[in-house]
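Here the structure comes first, spelled out in structure tokens, and everything after it is commentary.
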Amino acid sequence: VTIRPWWKDSVVYQIYPASYLDTNGDGVGDIPGITSSLDYIQSIGVDVIWVCPMYDSPQIDMGYDISDYKAVYPPYGTIQDMQKLIAETHRRGMRIILDLVVNHTSHQHQWFQESRSSKDNPKRDWYIWKPAKYDAQGHRKPPNNWRSNFGGSTWTWDELTQEYYLHLFCPEQPDLNWDNLETRKAIYEDAMIYWLDMGVDGFRVDTVNMYSKDPSFPDAPITDPNAEEQDAGLVYCNGPKMKEILSEMNAILSRYDAFTVGECPNTPDISTVVDYVGASAKRLNMVFQFEVVDLGQGKVFKYKSKPFNFQLPELKEAIDMTQSFLTHTDGWTTSFVENHDQARSVSRFGDDSPRWRERSAKMLALLFGSLSGTLFIYQGQEIGMINMPKEWSIDEYKDVDSINYYRMVDRCSKNDAMELAEAQASLQHYARDHARTPMQWSTGFNGGFTADDTPPWMRVNTSTEYINVQDQLKRKDSPLAFWRRVLSMRKQYNESFVHGNFELLDASNPNVFSFVKRRGNRVAVVVCNCSGSENKLPYFNGLDNSKIVLGNVDKPAVTTLQPWEGRAYVLS
Ligand code: TEU
Ligand code: CA
């Protein structure tokens, strides 16, 4: 018997504090709301909660712009509330991880306030400052052509000291300078050690591959000839000191029984990922890759794409890529399809119409719940929450990423109605806002998230009338009840579902996604009809006389799959 680290078999439930549960009637979710929901969360069958940033912040990017790592954003609660949440989580035998956001801070962080105050301030070098460039006409230009993740240049001019500073996200999120060893030490102390000492069990590490930048800050290749700034993801990710930094962080974490899951965008090169997550590399325990959630999005601008038109074989390939880590490397992987940066999976990968909504939600639960690696699910996914209604006006979108994109189209298209309608259609499909509408606890105007006469910080999805926890707790055939069965199947047959090697079957089949999970002499097969029409059950030797351990239709047929039907077989 091999001793495995606890986090491999764990199921993690992600919580977005602002939108989970409001307990004091200000329309904003809070930490006591999470604490009071722990019994519900545990009843789903999850082992770990991941709490998105609850640190003090001016909330330009919903707390991913931290002004004080050691303080809690007052509307969410206090340090005492966090201590209580940690204790209550542990008392139930569960664990808790936090978001570690250390590529950048808020512009309001004390460190940045000092850094920007003068060129000879001792903290000047804690952020990335560069002089201007000038073109032939003598116009001031930023140091390079990088486009920020939320549009515009990654460089903002600071009048006071007459230099640019770098920000890969909003101007209010200046990038820390990881080349400065004193800065690193302060980050480790405030953002990691402080919380590890308080008892947290690890971190989801935000944009983990962006800390180290190429010191020459090279221009990105021109992919959009009409634009000033260019997509530079491949240039600023995975810089030269990444491995050194992650080893340092890991040395701290290994003093605790803590794990890390790093967010690893823009990394098509698998050997780079293995350098981070290989067991022998000792850097991160696992990463999130983006191939699945990026499907169908625009290559130049993620929102610049026709409404969703991915092909099923592309999804299979994306999943195969991350699953095969277990077969071909000593690294570990993750399974996820939702988080706070993604639209709802039923609306993107299933069918959110009344007829197939619940069935496709269950099929997706079976599909992602039987993949190897550590499984992550996002609040509301367990009840099959869907995107915001299409009738809602653009004013209901609150995310800086959505707003910036819409404004940019507005500006560039000079009010062209067609282009604006296209931008809105894309946001209706892909915006991060869809994940951020409040949790749907019950029927009623505010869905039990807050009192019905309190204006919530974001409008509650009207679907709360028919998609809510209260109703699904009562129904044996609900997506929530099905998720519980998926998670218990996953625990019972963990050798196959958590640790098994993934083998894709019938890779080019455009409607049916099927795969084998194999470990030693244990074999399981999962078959998912990812379409609204009937399809043939694929052939697999021994399938016809094996047991279906979990399926989402009442009477599974012998040779055909009903629309959105999913089955898991255990052969041996
Ligand atoms: O996201 C970082 C990231 O990799 C982005 O590509 C992300 O997918 C974003 O949606 C791009 O539009 C993390 C957080 O998850 C996100 O919420 C933050 O906004 C971001 O970092 C900045 O801290
Ligand atoms: Ca509140």
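The values are calculated or read from the model by the stated rules, or taken from the named source; none is laboratory data. Because the structure is predicted, anything quoted here is derived from the model rather than measured. Please note: Cβ atoms are built from the backbone with ideal geometry, for glycine as well, and neighbour counts cover all protein chains shown.
Some notes on this structure:
- Residue count for the range 29-52, restricted to those that are more than 16 Å from ligand 2 (Cβ to nearest atom), out of contact with any Ser or Thr (no Cβ under 7 Å at 6 or more places or on another chain) and not β-branched (Val, Ile, Thr): 5.
- Yes/no for Tyr16 being aromatic (Phe, Trp, Tyr), within 22 Å of Val337 (Cβ to Cβ), within 14 Å of ligand 1 (Cβ to nearest atom) and under 18 Å from the mean Cα position of the chain (by Cα): yes
- Within the set Ile66, Ile3, Ile41, the sole residue that is part of a loop (DSSP other than H, G, I, E, B), β-branched (Val, Ile, Thr) and more than 16 Å from ligand 1 (Cβ to nearest atom) turns out to be Ile3.
- Residue pairs whose Cβ atoms lie under 6 Å apart, sitting 6 or more positions apart in sequence or on different chains, and linking a residue in the range 493-506 that is assigned by TED's automatic domain parsing to the domain that holds Arg522 to a partner that is β-branched (Val, Ile, Thr) and buried (at least 17 other Cβ atoms within 10 Å of the Cβ), are Glu503/Val516.
Matching residues to (1) away from ligand 1 (no atom under 16 Å from the Cβ); (2) among the acidic types (Asp, Glu):
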{"position": "Lys316", "(1), (2)": "yes, no"}
{"position": "Thr334", "(1), (2)": "no, no"}
{"position": "Glu338", "(1), (2)": "no, yes"}
{"position": "Pro354", "(1), (2)": "yes, no"}
{"position": "Gln379", "(1), (2)": "no, no"}
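- Residue match in the range 53-60 (condition: within 16 Å of ligand 1 (Cβ to nearest atom) and of a type in the set (Gly, Ala, Ser)): yes
- Residue that is nearest to Asp206 (Cα to Cα), among those in the range 6-28 that are within 16 Å of ligand 2 (Cβ to nearest atom) and in a helix (DSSP H, G or I): Pro17
- Within the range 459-491, the set of residues being without any contact (Cβ under 8 Å) to a residue 12 or more places away in the chain and part of a helix (DSSP H, G or I) comprises Leu473, Lys474, Ala481.
- Just one of the listed residues (Val409, Val400, Val460) is in the same structural domain as Pro32 (by TED's automatic domain parsing) and closer than 20 Å to Ser345 by Cβ, namely Val460.
- Among the residues of the range 88-111, the ones that are of a type in the set (A, V, I, L, M) and touching a Ser or Thr at 6+ places or on another chain (Cβ under 6 Å) come to 1 in all.
- Asp135 being touching a residue at least 24 places away in the same chain (Cβ under 8 Å) and either in the same structural domain as Thr207 (by TED's automatic domain parsing) or away from ligand 1 (no atom under 16 Å from the Cβ) (or both): no
- The range 29-38, subset closer than 20 Å to Asn339 by Cβ and outside any helix (DSSP H, G or I), residue farthest from ligand 1 (Cβ to nearest atom): Ser37
- Reported count of residues in the range 532-550, each being touching a Leu at 6+ places or on another chain (Cβ under 8 Å) and in contact (Cβ under 8 Å) with a residue 40 or more places away in the chain, is 1.
- Flag if Thr223 is β-branched (Val, Ile, Thr) and either more than 29 Å from Val409 (Cβ to Cβ) or not in a loop (DSSP other than H, G, I, E, B) (or both): no
- Restricting Thr260, Thr272, Thr267 to those that are part of a loop (DSSP other than H, G, I, E, B), within 16 Å of ligand 1 (Cβ to nearest atom) and in contact (Cβ under 8 Å) with a residue 24 or more places away in the chain reduces the list to Thr267.
- Of all residues in the range 461-518, those that are touching a Lys or Arg at 6+ places or on another chain (Cβ under 7 Å), more than 30 Å from Pro389 (Cα to Cα) and among the small types (Gly, Ala, Ser) total 3.
- Selected residue (criterion: surrounded by the fewest Cβ atoms within 10 Å (Cβ to Cβ)) from residues of the range 460-509 that are of a type in the set (Phe, Trp, Tyr) and farther than 16 Å from Gln42 by Cα: Tyr466
- Total residues in the range 36-71, condition surrounded by 19 or more Cβ atoms within 10 Å (Cβ to Cβ), aromatic (Phe, Trp, Tyr) and within 21 Å of Trp441 (Cα to Cα): 1
- Any hit, the range 516-523, residues being over 28 Å from the mean Cα position of the chain (by Cα) and either in a loop (DSSP other than H, G, I, E, B) or of a type in the set (Gly, Ala, Ser) (or both): yes
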